[in-house]
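A quick write-up on the structure given underneath.
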Amino acid sequence: MFMVKGEGSRITDADGRTYIDLCCSWGPLILGHAHPAVTEAIVQTVRNGASFGTPTVQENELAELIIDNHRSVERLRFVSSGTEAVMSAIRLARGFTGRAKVLKFEGCYHGHVDALLVQAGSGLVTLGNSSSAGVTPGVVNDTVVVGLNDLGAAQTAFEQYKGQIAAVIIEPVPANNGLLLQPSEFLSGLRQLCDREGALLIFDEVISGFRVGFEGAAGHYNIKPDLLTFGKIIGGGMPVGAYGGRDEVMRTVSPEGPVYQAGTLSGNPVAMAAGRAQLSECLTPGFYENLEAKAKRLVEVVNAHAQAKGHEVHMWHCASIFWIAFSNRPAIRRADQIDPASMAKFRVFYHALLERGVYMGPSGYEVGFFSAAHTSADVEAVAAAFCAAIDLAFDNT
Ligand SMILES: *Cc1c(COP(=O)(O)O)cnc(C)c1O
C-alpha cells in the first residue's frame, strides 16, 4: 500500500481510499498528520536553507525545551535516527565504564544496531546469536540476552560476567514485539542492580519518550536511568534521534570527552524546528490525559466484546499505545509468551480492518497509537471495526 496524503487522523492511499490511521508513522505523529504548527515550522525554517554544518539556534531551542521539562535529561545530543541514538549511547556507556558487555532483553528492539540484533537462544543466560544475516559472531560477542521480567536472570548475568557489563539497555515499555508491559518492581530492580554493579542503565525511549507522558517511561515509573535514547516523536515526523541523561556521563562525549560521535546532518534546523513545534503542543495541560482516554476506551470496548462472545482476545494499553493479542492469557510480559500460531487470526483481523477503513501496522507483533487528532467519533468507529474484525477472525480461522 502506498500512501499519498495524511491529514489529522486520516491517511489516503494511491487508489484514493481513506483510512483512520492507527500506525501514525510507527509512533512519531502524536499530533496526527500535517499538524498546522509542525508544517508551518518546517516551511518557515526551510525557507532559510536546509542545513549549514554549523550550530543553529533551533538545536538549542529544542534541547532547552526538553531539558527544562524532563528530570532525567541534564544534557543531550542530537542524531538523525533512533538507531543512531542507541548506537551512540552504547558506545558512550562502554567509553564511560571502560567495560565491553551490554545486557539486553529478549523481545526488545533497539533499532538496527549490529550488536543488538540479537535474540535469546535457550537457557537462562545466553550469549547472543545474531538474528540478522550480515551480523558476524564477533559483533554480538559482547551482547548478553536474558528474558524480560526476570530479575534473577539479570543478576545471574552480572555474576557470570563480573565487572564486564557496561550497561543494561531496555525498552521500559517494550512495544516492538507486542506490548510487553513490565511490573514497575522489575524496572526498579534493574536500577538497583546497575547501581550495585557499577553499570549504566539505559532506557531506550525511542517509542515511549514523549508518548507515555512528556517524561516518557522514566516519568511514568519514576525511575531515573543514566542514559535515555529518543527518536520518533522528538522529530515531529522528520528524521531525528537524541541521546542524553546524566551530565557526568554526557561529558564523556567529544569534544569534551574521549568518546567520538558526530553527524553531518545532526541537529538539522528544519528537523529541530519540527520537533520543537510538536513537543510544545505536548506540553499543553491535559494533553496526555486526553490521549490516554482514547486507548482506554478502545481497550474497554474490545475486551468487553471479546468476553461477551467468548473470544480468546485481550487488549492492553500503556497511555496511548495499545496492542491486541489473540490469546487467552490475561497478561503477556515476555516475548516467548506470544503464540506465533495466533498470527493467523491477526491476518484476518487486519484485512477486515482495512475493508472497514482502519489502518494498522500489518503485523500482529506491532502496537497501535492514538494521536491528538483522533476524535471521539474516530475512537468509536475504530472500536466497532475492531469488534467486527475480531468476530470475522474467529469465524474464519
Ligand atoms: C523505532 C525504535 C528504534 C529505532 O529507531 P529508528 O529511528 O527506526 O532507527 C530503536 N528503539 C526503539 C525502542 C524503537 O521503537
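Values as computed for the structure displayed
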{"item": "Average silhouette area of region 36-124, convex hull of alpha-carbon atoms, in square nanometres", "result": "9.1"}
{"item": "Under the Karplus curve 6.51 cos²θ - 1.76 cosθ + 1.60, θ = phi - 60°, whole-Hz ³J(HN,Hα) for region 189-198, x wherever Gly or Pro sits", "result": "x, 5, 4, 5, 4, 4, 4, 5, 9, x"}
{"item": "Per residue, in Å², the accessible surface of the chain once ligands and nucleic acids are set aside, probe 1.4 Å", "result": "41"}
{"item": "Extension reserve of the ASN290-HIS112 stretch, reckoned as 0.36 nm per residue once the Cα distance is removed", "result": "60.8 nm"}
{"item": "Alpha-carbon centroid distance for the pair region 240-274 / region 205-223, whole angstrom", "result": "20"}
{"item": "Estimated inter-spin distance, ASN396 and ASP195, nm [label 7 Å along Cα→Cβ]", "result": "5.3"}
{"item": "Within the chain, longest stretch free of exposed trypsin sites (Lys or Arg not before Pro) [DSSP loop, at most 10 other beta carbons within 10 Å]", "result": "163-397"}
{"item": "Calculated over region 211-316: convex hull of Cα atoms, volume per residue (Å³)", "result": "152"}
{"item": "Gain on full stretching of the segment that runs from SER363 to ALA262 - 0.36 nm per residue minus C-alpha separation", "result": "32.9 nm"}
{"item": "Longest segment of the chain lacking chymotrypsin sites (Phe, Trp or Tyr not before Pro) that sit in a DSSP loop with at most 16 other Cβ atoms within 10 Å", "result": "53-259"}
{"item": "Percent antiparallel among DSSP beta bridges (both partners in the chain, rounded to 5)", "result": "60"}
{"item": "Over region 172-252: Kirkwood hydrodynamic radius from C-alpha pairwise inverse distances, Å", "result": "13.2"}
{"item": "Dipole in debye (nearest 20) - region 218-356, about Cα centre, beta carbon charges: Lys, Arg +1; Asp, Glu -1", "result": "380"}
{"item": "Exceeding the 24 Å Cα-Cα cut-off - candidates LYS232/LYS345; LYS104/LYS224; LYS101/LYS224; LYS5/LYS345; LYS5/LYS296; LYS224/LYS296", "result": "LYS232/LYS345; LYS5/LYS345; LYS5/LYS296; LYS224/LYS296"}
{"item": "Cα coordinate range in the chain, projected on the principal axes (Å, largest first)", "result": "58, 56, 40"}
{"item": "For region 123-276, convex hull volume per residue from C-alpha positions, Å³", "result": "152"}
{"item": "Spin-label model distance (nm) - ALA384 vs MET3, 7 Å beyond Cα toward Cβ", "result": "2.3"}
{"item": "Potential lengthening between THR136 and HIS351 on full extension [0.36 nm per residue; Cα-Cα distance subtracted]", "result": "73.7 nm"}
{"item": "Under the Debye formula (equal points on every Cα, no solvent term), log10 I(q)/I(0) of region 342-397 at q = 0.15, 0.19, 0.23, 0.28 Å⁻¹", "result": "-0.41, -0.65, -0.90, -1.19"}
{"item": "Computed E for ASP247/VAL57 - FRET, C-beta separation, R0 22 angstrom, nearest 0.05", "result": "0.50"}
{"item": "5 Å-binned pair-distance histogram of region 301-397 (Cα, whole percent)", "result": "2, 13, 25, 29, 20, 9, 3, 0"}
{"item": "Whole-Å distance, taken between Cα centres, linking region 288-350 and region 40-104", "result": "34"}
{"item": "Within region 336-370: backbone nitrogen closer than 14 Å to the ASP13 label point (7 Å, Cα to C-beta)", "result": "350-363"}
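The values are calculated or read from the model by the stated rules, or taken from the named source; none is laboratory data. Source: prediction; values computed, not measured. All Cβ positions, even for glycine, are placed from backbone atoms using ideal geometry, and neighbour counts span all protein chains on display. When the accessible area is computed, the model is the full protein with side chains, heavy atoms only, and any ligands, DNA or RNA have been set aside. Shrake-Rupley method; radii C 1.70, N 1.55, O 1.52, S 1.80 Å.
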